[in-house]
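Enquirer: One structure coming up, written as structure tokens, with questions to follow.
Bear in mind that the values in this text are calculations on the coordinates, not laboratory data. Just so we're clear, the structure is a prediction, and the values are computed from it rather than from any experiment. Note: ideal-geometry Cβ built from the backbone for every residue, glycine included; neighbour counts use all protein chains shown.
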């Protein structure tokens, strides 16, 4: 299998080739689509003057309000040496300092997967979809909502492996709460490496867990390769507003020191962890992520880092967070413009929703949020599939519906191709007024690659749908899950590597007592 | 009540004012939002060279393939006099002819509603949402799918009147199949005029029915006013590919002669009524709509006309039409660019789906399609609410979910406002690192207008949702329908006008025998 970066040529044939392969024959690996190359421009909604106003507001927050770096003397030392004003744990940044530090960060990098055909480029016009991250609960049609387990975790890794439209295996696809908190990372990284060969994310919940995650990658890729190449991402949340806690900065320093990429993610629900007005929340997000991205460059200049973003709204009468709403969708478009002005790869969030189930609310909100993510030029889209209930639940059938939307975005981001075949003048000559195009030569030549076809949607006649039992999108998704899991076969893993990983995990587990919270 | 064109100022207060009025008190009319003024740029995905290539392809279709105008000697006479080559019913258009004729069409016009506060501007940066059009079936949660009746029709008119986010009453909101085919238009126009005071669409299914529709508007607005102002729209479908039949051109000529606006809509499912490649289908759509728009200008130079568009895809293995798919979404963005280059107001379609019910498939497809419609700069968006099953069914609960998405688009299209209050520096000064923004002065001052809040979504905690009976978006929409219809009160109608309308309808009905097909 060769590397395929999904770039539609005039017939969209490369994507189609991948699609036609699927469903894989027994034993065949699912198609490798190593991300999308976006062929439509980004949707830029703010003018230069407005962007500069936000950048100045962010710079003012950095210079006059400052950020706290809690319980991490090493981070404070790095800032002091770089020329920041450090008072206690509060760090203020002279204007220009952070932008100057950020100049060493690469605008694009490759994250290597253990199968080279699945390595992804993160940056420039590349778009990579990864599943949702971090839910304590899972939900499916049959058993409803319950705590996630390592068995659920492994199922989501397998499903992600089977779906070519998800390019990345993600990280904590659900919390395996049946595994002790301090040992989960070992089982999670193992599962990604054993049940998939896509790129993955490691643990960030403690410095040692981050280092274990990286160490396991060294077992797979070799120490020298890992020192020179990105093979794992760590998702670093800012404790917004304006605080980095030591758990996160310790993990950040572990990834950066190992030349691995942090995703720096301010976590802002407007009105709670940030101002209730979008421009202010965006300025805060910019300030927070710039500071975290810069810290990685102080740890190891030139290491890869991703400008992250997690911005949503709040129902201010009830205090409930809301997702997939219009303000953060418009906000994402602005964030994209700001990230490009810094020449940094961008992470946005995908299929957001506050709905408890994969209903119309869920899919409306998810489509709104996901379209904003791709239109703003995000390079790495976390939470592309499965997210329910504001991130509390990973939904199986939601996952399938979202992944199908991801599939459709491969076509959307290819835009409209213009050439002689696409303009189809010969078809008009052949068919003429009042006839149909079904059988004409141009249609016959092009129909296989012409239109994207959903793997979940029901587009047939009403009567057929009725006779089929009036299945809805959730029912059909549940069937698809069964089929994918039945067809799943693990990708080959070098037995020596497998053994070494098992040995590492066993040794680590033996040295620490179980912690359950 | 004063006219409100929903334009968010820095706090979005005008829209909010409408929203805060919220469920109207008994007897109070729902807020009048006379369309949205789009404050974000359009999403332009093609460059100049590509646009010119499509325009040249359209011009070549017009010049070398030509269009048939069937059974309408008057249309052929108009074309011949204008300088086209007419052979039998086939009309070919010398290059430049149509663009030259189109110069008299206005780039923007007002469609007057009988309540002036609800008159809408169609063109420029105005966006007007109208419900779905033309379904023979209706569907609701309680009674499932059945043929539409005049009672259903009236309910949809009432619901549309009650929802401020739908700015226009639409036309055939469902087919009232319990009324004879040749008398439906009288009852439909009556219902729009009696149960709503929003702008509306008239009949196009026969010349006489078009003329009756216009005559009824003369009763309401006066003959002279109607001759000088647009008070009704007629939706003229092209019999694609490349055919105008006499039913449509007769109706077109009736509307244009009366100075009323036609919406000229090529109806193209790629691979069936047009080529299977998008660029070709777009070129065809451009050719077809340009010809129809130009014909209105031959009938009455300067009359308003709308550049329409209905482009979708086909599942080519089954032949089923598909909706809300990525190719037509990208196609809409291109159509928008082309319409603006002609300086014509643009109609696109909104909440498309092939789903039979208002499930996740329906709402994913609808969001994809609707976002393309607003992002491409469409001025009049038909099918904004209710569409199911490729237009065969008008769904009650789908209508409510779609209308809620329309509500959210009011905020989305306001974009991100930048000013001192929005940038919120005072909030950072007050709150500082690590605190929350819930109670701060800036939040208190802004929270009422800060975030859009859905009228359908459930954003609360899981436990609350569970205790509430685990309602999904369809269940909640069904409840909302009951509430809206219970609160409905008809807008005042001058008793003399009411009487004259009744008299006109009675006289017309008495002169014709019932036709049922």
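Enquirer: Under 8 Å for C-alpha pairs, at least 6 residues apart: give me the relative contact order for the stretch A:69-222, rounded to a whole percent. Don't skip to the answer; put the middle values down first.
Expert: Numbers: 227 pairs, mean separation 28.9, N = 154.
It comes to 19 percent, rounded to a whole number.
Enquirer: Going 7 Å from Cα along the Cα-Cβ axis for the label, what nanometre distances separate residue A:302 from the same residue across the other copies?
Expert: Relative to the other copies, residue A:302 has label-point distances of 7.2 nm.
Enquirer: Under the rule of -39500 (n - 2.57) per DSSP H run of 4 or more residues, summed and divided by the residues of chain A, what mean residue ellipticity at 222 nm is obtained, to the nearest 500 deg cm²/dmol? List each step's numbers first, then the result.
Expert: Working: 19 runs with 225 residues, N = 517.
About -13500 deg cm²/dmol.
Enquirer: Mind checking the mean number of beta-carbon atoms from other chains within 10 Å of the Cβ atoms in A:280-288?
Expert: Values: counts 12, 7, 4, 6, 5, 0, 0, 1, 0.
Taking the mean over all residues of the peptide, I get 4.
Enquirer: Over the Cα atoms, compute the radius of gyration (one decimal) and Dmax (the largest Cα-Cα distance, rounded to a whole number) for the stretch A:122-275, in Å.
Expert: So, for the stretch A:122-275, Rg and Dmax equal 15.8, 47 Å respectively.
Enquirer: What's the FRET efficiency of residue B:343 with residue B:470 using the Cβ-Cβ distance as r and R₀ = 41 Å, to the nearest 0.05? Write out the running numbers ahead of the final one.
Expert: On the way: r = 52 Å, r/R0 = 1.26.
The calculated FRET efficiency here is 0.20.
Enquirer: Please report the antiparallel percentage of DSSP beta bridges with both residues in the protein assembly as shown, rounded to the nearest 5.
Expert: Working: 40 of 98 bridges.
Counting only bridges with both partners in the protein assembly as shown, antiparallel ones make up about 40 percent.
Enquirer: Students often check this: by mean Cβ neighbours within 10 Å, which of B:502-512, A:371-381, A:148-158, A:495-505 ranks highest, and how do the rest follow?
Expert: Taking the mean over residues of other Cβ atoms within 10 Å, the ranking is A:371-381, A:148-158, A:495-505, B:502-512.
Enquirer: Taking each label point as 7 Å beyond Cα in the direction of the beta carbon, state the distances from residue B:178 to the same residue in the other copies, shortest first, in nm.
Expert: 5.6
Enquirer: Hey, how many Å between the Cα centroid of the stretch B:357-395 and the Cα centroid of the stretch A:70-128?
Expert: If we compute the Cα centre of each part, the gap is 42 Å.
Enquirer: Can you work out the FRET efficiency for the pair residue B:74 and residue B:143, with r the C-beta to C-beta distance and R0 = 41 Å, to the nearest 0.05?
Expert: It comes out at approximately 0.35.
Enquirer: Right, another one. Suppose we keep just the DSSP beta bridges with both residues in chain B; what percent of those would be antiparallel, to 5?
Expert: 40 percent
Enquirer: Using just the alpha carbons, could you tell me how many Å³ per residue the convex hull of chain A encloses?
Expert: Numbers: hull volume 87.0 nm³, N = 517.
About 168 Å³ per residue, rounded to a whole number.
Enquirer: Residue B:77 label points, 7 Å along Cα→Cβ, one per copy: pairwise distances from this copy to the rest in nm, shortest first?
Expert: Here the equivalent label points are 9.5 nm apart from this one.
Enquirer: Cα centroid distance between the stretch A:201-222 and the stretch B:457-484, in Å?
Expert: If you average the Cα positions of each part, the centres end up 43 Å apart.
Enquirer: Among DSSP bridges having both ends in the stretch B:292-436, what percentage is antiparallel? Round to the nearest 5.
Expert: Percentage antiparallel, nearest 5: 55.
Enquirer: Oh, and also: For the stretch A:256-279 and the stretch B:31-45, write down the distance between their C-alpha centroids in whole Å.
Expert: Taking the Cα centre of the stretch B:31-45 as reference, the centre of the stretch A:256-279 is 30 Å away.
Enquirer: Extension gain residue B:52-residue B:228, at 0.36 nm per residue separation less the Cα-Cα distance, in nm?
Expert: That works out to 59.8 nm of additional length.
Enquirer: Report the relative contact order of the stretch A:411-514, percent, no decimals, based on alpha-carbon pairs under 8 angstrom and at least 6 residues apart.
Expert: The normalised contact order for the stretch A:411-514 reaches 14 percent.
Enquirer: Return a whole-number percent for the relative contact order of chain B, with Cα pairs under 8 Å and 6 or more residues apart as the contact set. List each step's numbers first, then the result.
Expert: On the way: 1104 pairs, mean separation 95.3, N = 517.
For chain B, the relative contact order is 18 percent.
Enquirer: Would you mind checking the tilt of helix B:73-82 against the longest principal axis of the Cα atoms of chain B, expressed as 0 to 90 degrees and rounded to 10?
Expert: Between helix and principal axis, roughly 90 degrees.
Enquirer: Separate question: Between residue B:257 and residue A:419, with labels modelled 7 Å along Cα→Cβ, what's the label distance in nm to one decimal, could you check?
Expert: 5.0 nm
Enquirer: Please compute the modelled spin-label separation between residue A:317 and residue B:124, points set 7 Å along Cα→Cβ, answer in nm with one decimal.
Expert: It works out to 3.4 nm between the two label points.
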